[in-house]
Amino acid sequence: MQGKAKRLGLLLAAVTLAALVLGLVLGAPPPATVGVNSPAASGTASNAAAAAANGATVVVELQNMQFNPKEVRVAPGTTVVFVNRDPVNHNVVNATPATLGKQPERFRSPELLPGKEFRFTFNEEGVFDVLCDVGGHYLAGMTARIVVTKDAAAGSSSAAGSAGGASAVPAAVRVAKDPADIPPPVKRTSPQTVVVELEAKELVGQLADGVTYTYWTFDGTVPGPMIRVRQGDTVEIRLRNHPDSTQVHSIDLHAVNGPGGGAKATQVAPGEEKAFRFLAMNPGVYVYHCATPYVPLHVSNGMYGLIVVEPPEGLAPVDREFYIMQGDLYTDLRPGETGHAQHDPEAMWREQPNFVVFNGQFQALTGEHAMKAKVGERIRMFVGNGGPNLTSSFHIIGEIFDVVHREAASEAVTNVQTTLIPAGGATWVEFTVDVPGEYVLVDHALGRALGKGAIAVLHVEGPENPDIFQPVP
Ligand SMILES: [Cu+2]
């Protein structure tokens, strides 16, 4: 018993270690306040004005469909530099959603391509509301406020969502897909036409305790729903894009034989729906994902899932099936920090994510959300990797995969400890749980597991099995 306790203790220690990181960030997250770069910011009111006279500048970033910071206080004469950090076009317009098109604008930038900037020097005192009206981005909260005052002094910005009319960051929801929430085996003896309805939804979700993030999803979860059909079925994919979306979205299924996997046929604007059909010719487990530019951003933000195409004879019966997908997120906040994380394009360029996760969230499938099974049960896991960039070294601590369908191939290999899952690829593994306890799923590139969140737990209950595992006193 003692040794078992020790072993469990080690496993728990691994989880606890990461939980400790989490523990540091418990409590109400203040919204992020970054991006101000002003010579005036460190001065008093009087020297702020003096600095302004010398051409002070303040940077406001347009990133992840937000102005950052959302409110800036500057002294008269300050130049505000609006920089587009998003992969899509934005603009900067002096208006509120209520006054847009109805009242005169003091300034309106041209449409800013990614990386481009717009400068405006505020000489008069006053309150200047701004928004982006490209594609209705202000409807997604892309609004901000520039307060020009001689009193502008140290700390020349206030946070997103604070008083002053700038819209607050909405409450965050749990986006992690329940790994047990999957369709049952097909069990049909003949092909048929299967209609699959999906909806692209953008929402603010909980990335970690104290960290929120604006996800882009299929049906509001990460991964999106698992689709399950039979080889020979005709699959009709109907993709809706929620009217509140800020982006065009689409779907490319790797189970498709046809151009773009459906992406070309499904570029769908907010509030619209598009559809296509394909014949599921090849059995296997395939990734689907959004394929709208900039594709890595749409994928990283959560737009991926799996489609299982069963062979006509079906898959071997098992006791439980689970659905898990890894993904990497590129944010300006790290685990342990707090606030609303923004996408960091430079980190994505360097392929250095701050979060690597299963089912969309830091340690999403642990604690009360751990997967559950009983001793003696045969388990099948469909495991995909949305990426967009990292390859997963998928491993379960304390378990050996009896069967691995590497890269989801039809032919299995046996007795595997760790299996690679490429970005945009999937596998399925099968094993029997013999001994009760906590089994920890990791990307065995362990910095990602213990540091960045790629941990999940399978909790197995039942009688001890000393013939297979027993502590020695
Ligand atoms: Cu998309």
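Small (Gly, Ala, Ser) and surrounded by fewer than 18 Cβ atoms within 10 Å (Cβ to Cβ): is that true of Gly360 in this structure?
no
Do we find that Pro473 is out of contact with any strand residue (DSSP E or B) (no Cβ under 9 Å at 6 or more places or on another chain), surrounded by fewer than 21 Cβ atoms within 10 Å (Cβ to Cβ) and modelled with pLDDT of 95 or more in this structure?
Considered against the rule, which asks whether it is out of contact with any strand residue (DSSP E or B) (no Cβ under 9 Å at 6 or more places or on another chain), surrounded by fewer than 21 Cβ atoms within 10 Å (Cβ to Cβ) and modelled with pLDDT of 95 or more, Pro473 comes out as no.
Grab the strands (runs of 3 or more DSSP E) fully contained in the range 69-158, keeping just those with 2 or more residues being under 23 Å from His298 (Cβ atoms) and touching a Ser or Thr at 6+ places or on another chain (Cβ under 6 Å).
Where strands (runs of 3 or more DSSP E) fall fully within the range 69-158, none carries at least 2 residues being under 23 Å from His298 (Cβ atoms) and touching a Ser or Thr at 6+ places or on another chain (Cβ under 6 Å).
Please pick out the residue among Val309, Val299, Val295 that is in contact with a Pro (Cβ under 8 Å, 6 or more places away or on another chain), within 29 Å of Glu411 (Cα to Cα) and within 10 Å of the ligand (Cβ to nearest atom). Before you say what the answer is, go through the steps one by one.
Values: Val309 fails: within 10 Å of the ligand (Cβ to nearest atom); Val295 fails: within 29 Å of Glu411 (Cα to Cα).
Exactly one of Val309, Val299, Val295 is in contact with a Pro (Cβ under 8 Å, 6 or more places away or on another chain), within 29 Å of Glu411 (Cα to Cα) and within 10 Å of the ligand (Cβ to nearest atom), namely Val299.
Which condition breaks for Arg378 when tested against (1) touching a strand residue (DSSP E or B) at 6+ places or on another chain (Cβ under 8 Å); (2) within 16 Å of the ligand (Cβ to nearest atom); (3) not hydroxyl-bearing (Ser, Thr, Tyr)?
So Arg378 meets the others, but not (2).
Do we find a residue being of a type in the set (Ser, Thr, Tyr), assigned to a loop (DSSP other than H, G, I, E, B), in contact with a strand residue (DSSP E or B) (Cβ under 9 Å, 6 or more places away or on another chain) and surrounded by fewer than 23 Cβ atoms within 10 Å (Cβ to Cβ) anywhere in the range 312-330?
There is no residue in the range 312-330 that is of a type in the set (Ser, Thr, Tyr), assigned to a loop (DSSP other than H, G, I, E, B), in contact with a strand residue (DSSP E or B) (Cβ under 9 Å, 6 or more places away or on another chain) and surrounded by fewer than 23 Cβ atoms within 10 Å (Cβ to Cβ).
Taking the range 249-262 on its own, how many of its residues are assigned to a loop (DSSP other than H, G, I, E, B), within 16 Å of the ligand (Cβ to nearest atom) and either surrounded by fewer than 19 Cβ atoms within 10 Å (Cβ to Cβ) or at pLDDT below 95 (or both)?
Qualifying residue count, the range 249-262: 0.
Examine the range 321-328 for a residue that is more than 16 Å from the ligand (Cβ to nearest atom), farther than 24 Å from Ile455 by Cβ and either touching a helix residue (DSSP H, G or I) at 6+ places or on another chain (Cβ under 6 Å) or not hydroxyl-bearing (Ser, Thr, Tyr) (or both), and state whether such a residue exists.
So far as the range 321-328 goes, no, none of its residues is more than 16 Å from the ligand (Cβ to nearest atom), farther than 24 Å from Ile455 by Cβ and either touching a helix residue (DSSP H, G or I) at 6+ places or on another chain (Cβ under 6 Å) or not hydroxyl-bearing (Ser, Thr, Tyr) (or both).
I'm told Pro345 meets every condition in (1) farther than 30 Å from Asn282 by Cβ; (2) crowded, with 20+ Cβ neighbours inside 10 Å except one. Can you identify the failing condition by its number?
(2)
For the range 273-290, give me the residue count where each residue is surrounded by fewer than 20 Cβ atoms within 10 Å (Cβ to Cβ) and either modelled with pLDDT under 95 or in contact with a strand residue (DSSP E or B) (Cβ under 6 Å, 6 or more places away or on another chain) (or both).
Selection size over the range 273-290: 6.
Of Glu407, Glu430, which residue is at positive phi, within 31 Å of the chain's Cα centre (by Cα) and acidic (Asp, Glu)?
Glu407
Taking the residues in the range 86-110 that are modelled with pLDDT under 90 and within 34 Å of the chain's Cα centre (by Cα) as candidates, determine which candidate is surrounded by the fewest Cβ atoms within 10 Å (Cβ to Cβ).
Ranking the candidates gives Ala98 first.
Tell me, which strands (runs of 3 or more DSSP E) wholly within the range 203-247 include 2 or more residues that are aliphatic (A, V, I, L, M)?
227-230, 234-241
The values are calculated or read from the model by the stated rules, or taken from the named source; none is laboratory data. Quick caveat, the model's predicted, so the values are computed rather than measured. Please note: Cβ atoms are built from the backbone with ideal geometry, for glycine as well, and neighbour counts cover all protein chains shown.
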